[in-house]
Every structure is written in C-alpha cells, then in structure tokens.
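One structure below.
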Amino acid sequence: MPIQGFKCKEPYTGLHMLGLARELWRRVQGLPEATDARMVAGTHLGNALVSQGSYAEAAKLHRTIYDVRAEHLSRSPFFKKNLLFFATFSESY
C-alpha cells in the first residue's frame, strides 16, 4: 500500500515510499513506544520494507510493534482479538 504525502496527498511507492517511511520513523523515535504515531510510523516502515524485499528487517519491525501493542493494549478484549489477527498475519512474512 503506498504512503500518501502529507501535504500534496500524492501516493508514493518504491524507494520514495521507503525514504518517507524511514524519515517518519526517525521523527517519532523520541515519542513513547506505545503512541499511535509511533505505531503507525513503524507499520508504514515495515510495509515499505516488504515492498522492497527487505523481509527480515520488516518482520523484525512488525514483531517489535506487535510486542509493544501486546504489552500496552492487551487489557482490552477488543485489542486482544485484533492482536491475535495481527500476530497471525505478521508470521506469514
């Protein structure tokens, strides 16, 4: 899935998508681990890595995001159901 430019709203794919995703990930590093912005940025980067064939790096990042979500959100039945789906999906990498 392409990343959309924040200002221009144009879809980016390939190396442009990867560059934007890496920059977004860099910018959220100072935020607490479980913030929505950091989770979304990590997911974007993981998806961009998959699109470029960097499966091992993407799997590691997706697993990190899963672990953070599981730790901080597992108290909610709604999130437990969605985390189970995410874990099943991420293991297919």
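Rule-based calculations on the coordinates, nothing more; no lab input. Source: prediction; values computed, not measured. Cβ coordinates were reconstructed from backbone atoms using ideal geometry, including for glycine residues, and neighbour counts include every protein chain displayed.
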Failed criterion for W25 (all others in (1) over 12 Å from the mean Cα position of the chain (by Cα); (2) outside any loop (DSSP other than H, G, I, E, B) hold): (1)
Hits in the range 28-53 (condition: surrounded by fewer than 18 Cβ atoms within 10 Å (Cβ to Cβ), hydrophobic (A, V, I, L, M, F, W, C) and part of a helix (DSSP H, G or I)): A37, V40, V50
